[in-house]
Amino acid sequence: MSSNSKIYYLESLRGLAAISVALFHFQSGSFLTNNIFIRNSWLMVDFFFVLSGFVIAYSYQNQIKTLNDCFRFQAKRFLRLYPLHFVMLILFLALEFCKYILEIKFGITSNVQAFTINNLSSFIYNLFLLHNIFLDGLTWNGPSWSISSEFYTYIIFALLSLFLYSKRKLFLISIFLIVAGSFYLLFTSDMSASNGFLRCLYSFFLGVIVNYIYSNVKFKSSSGLSYLFFCLAIFGVCLSKGENIIDINIFLPILFAITIFLLLTSPDDTALKKALRNKFLIRMGTISYGIYMIHILVWWIMIQSLRFIFKFPTLLDSRGMTEVIIEGQFVSSMIVLSGLGIIIFLANISYEYIEKPINKFRQKFY
């Protein structure tokens, strides 16, 4: 959205979701990360998808009327996603070379040896944003799997908007078929990142449906109803199981979609909306893409520093993630907060010196 049409309380939710994903990827024993909400915050990626579907449809759907409009839309989305993805990919390549040198010269090895999973083949897939489409596991900058899926989902959205939006019934039928088909395939499989494209299609087009209803149906929800579903969404995340188990988690994107719709249609003076208009939270939403894309590199460096310099023991948890064993809530929480502070600082740098300048260039495609 343009600066004068941003829905700030949704921007804040995007920031909170990005921070939740960042905390999900660092386990230290601190209550900040070792709680049932953060343990299931992988679902915040699906929240991103729903919110993205709404925002993209809200901002662009009526603008895509020709093939040239499709090209301009996709070019803008590419320029939004790719620059930081490319920068992080190069940094991870440099990191892989550092790991290789440490292995060869000093015999220091990480849990995953250099250029094994992160090899030439996976690098090329990442370079062309194809890694979540063609690769089963996570490689290089792991969270970028969602960027890979979302980029190609944009193409489907643009083509549907071009050819079917004037034919409202066909447009809606197509979207419902995509949502239903993705739901069925996920239900018979799982919600892991290897099914990321299906997760993206399912959640993104739920967001498109939210926009369609919001734009075409006059409805006002009560503040109580918006509070209820906001709390239900939080409880739903807390009660969910892991990515490899289908349970309540597959219904969470629907709950996210309902929650967003009720927030949009509830009174503007509710306490929840006022809280979400906090300037710090809005800023977290503004830099949320940087938080999401940068955090894994920061955590990896911190884990290796704690492991080799400060001699903290580590183990691989049930999800295959490295957990630092730190005694004491205070120390572990300070380490988590320090890392989060570094991530937010770097995300601000990314926004000011990568995303913001590129965004000015993107305006040429309007």
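The values are calculated or read from the model by the stated rules, or taken from the named source; none is laboratory data. Here the structure is a predicted model, which means the values were calculated and not measured. Reconstructed Cβ throughout: ideal geometry from the backbone, glycine too, with neighbour counts over all protein chains shown. Keep in mind that these areas ignore ligands, DNA and RNA; they rest on the heavy atoms of the full protein, side chains included. Shrake-Rupley method; radii C 1.70, N 1.55, O 1.52, S 1.80 Å.
General remarks:
- Shape of the range 14-60, Cα gyration tensor, a/c cut at 1.5: prolate
- Segment S59-K105, extension gain: residue separation times 0.36 nm, minus the distance between their alpha carbons: 11.3 nm
- Accessible surface of the range 133-282, 1.4 Å probe, proportion on carbon and sulfur as whole %: 70
- In nm, spacing of pseudo-spin labels at I90 and N34 (7 Å Cα→C-beta vector): 4.0
- FRET efficiency estimate (nearest 0.05) - Cβ-Cβ, N278 to Q329, R0 22 angstrom: 0.25
- Annotation: peptides 13-24, 276-287, ranked by per-residue average of other Cβ atoms within 10 Å with the highest first, follow the order 13-24, 276-287.
- Potential lengthening between L177 and S305 on full extension [0.36 nm per residue; Cα-Cα distance subtracted]: 41.2 nm
- Added length on full extension, which subtracts the Cα-Cα distance from 0.36 nm per residue, V217 to I156: 19.5 nm
- Cα-Cα over 32 Å, subset of K65/K241; K274/K356; K274/K360: K65/K241
- Taken per residue, the accessible surface of the chain reaches 47 Å², heavy atoms only and a 1.4 Å probe.
- Cross-link partners of K311 among aspartates and glutamates, defined as those whose alpha carbon lies under 14 angstrom from its own and excluding same-chain residues fewer than eight positions apart: E323, E327.
- Computed packing ranks the peptides 197-203, 39-45, 107-113, 235-241 as 197-203, 39-45, 235-241, 107-113, most packed first, by mean other Cβ atoms within 10 Å.
- Whole-number percent relative contact order across the chain, with pairs defined as alpha carbons under 8 Å at least 6 apart: 31
- Phi angles of the range 273-289 translate, via the Karplus equation with coefficients 6.51, -1.76, 1.60 and θ = phi - 60°, into HN-Hα couplings of 5, 4, 4, 6, 8, 4, 4, 5, 5, 4, 5, 4, x, 4, 9, 4, 5 Hz per residue; Gly and Pro are given as x.
- Highest-first arrangement of 170-181, 135-146, 255-266, where packing means the average Cβ count within 10 Å: 255-266, 135-146, 170-181
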